[in-house]
Every structure is written in structure tokens, then in C-alpha cells.
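Here's the structure, in C-alpha cells; my notes come after.
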Amino acid sequence: MNIRGIEDMSRDQLQHEIERGGRFVIFQYCISIVVLSFKRVSDIRFIKGDESAFRKGAAYSLISLLLGWWGIPWGPIWTISSVITNCRGGRDITPHVVQALSTKAA
């Protein structure tokens, strides 16, 4: 499991950040090649309570807007879906990651 944003954090620091509103999210992006469209997700990213998830997801939205819309019919649909998800701060998967990390520690 590749998680960005927790590289230099201890388990106690991570727990403190989660209590302050930190969360684990994934962002979506879409890439299309004429008639083929691919909807993918980013690596898991940890967003601290005082950080902007919108700013972290902006690059994935830009990728979708530039490369995703051309595939017919799913390109435009998945591009819009990805941009909306990213503008809302990504998909929050904090409970799943916390459970996996606690299981791994045990």
C-alpha cells in the first residue's frame, strides 16, 4: 500500500492528525485515446486537517480535463465525474486505511 504524506510521521503523530481532521483520500482521473477511456485513481494521499484537499486534487482534475474528454462515450462522462469528485476533496477512505494500518500493526 503506497500512502503519500505520512513518510515522516510516527503512529502517534498520525493519530493526532486524524483527530484534528486529517483524512486519507484518493483522487480520480480519466485518460482517453479516441475510443478507449480509462478511469483510474491516484495513490492514497494523507491530507492533514489544515491542508486543502482541493489543491491536492487539482492536478488530477487538470489531467482529466486535458486528456480525458475525447473518448466516446465514456470520456466526457468520466471526466466530469472525476472533476466533481476531486473538487469535493477526493474520495475519503480513512476508515479503510486506519483499519488496514491497525491490522498490519497487530
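Each value in this text was obtained by applying a stated rule to the coordinates, not by laboratory testing. This one's a predicted model, so the numbers in the text were calculated from it and none came from an experiment. Every residue, glycine among them, receives a Cβ derived from its backbone with ideal geometry; neighbour counts consider all protein chains shown.
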Spans of strands (runs of 3 or more DSSP E) in the stretch 15-60 with at least 1 residues of a type in the set (A, V, I, L, M, F, W, C) and touching an Asp or Glu at 6+ places or on another chain (Cβ under 8 Å): 23-26, 44-47
Residue list for the stretch 59-71, filter: surrounded by 15 or more Cβ atoms within 10 Å (Cβ to Cβ), more than 21 Å from residue 5 (Cβ to Cβ) and among the hydrophobic types (A, V, I, L, M, F, W, C): 65, 67, 69, 70
Of all residues making up the stretch 25-53, the number that are within 10 Å of the chain's Cα centre (by Cα) and hydroxyl-bearing (Ser, Thr, Tyr): 2
Some residue of the stretch 49-58 being out of contact with any Gly (no Cβ under 8 Å at 6 or more places or on another chain), of a type in the set (A, V, I, L, M) and loosely packed, with under 12 Cβ neighbours inside 10 Å: no
Qualifying residue in the stretch 77-100 (condition: among the β-branched types (Val, Ile, Thr) and in a loop (DSSP other than H, G, I, E, B)): yes
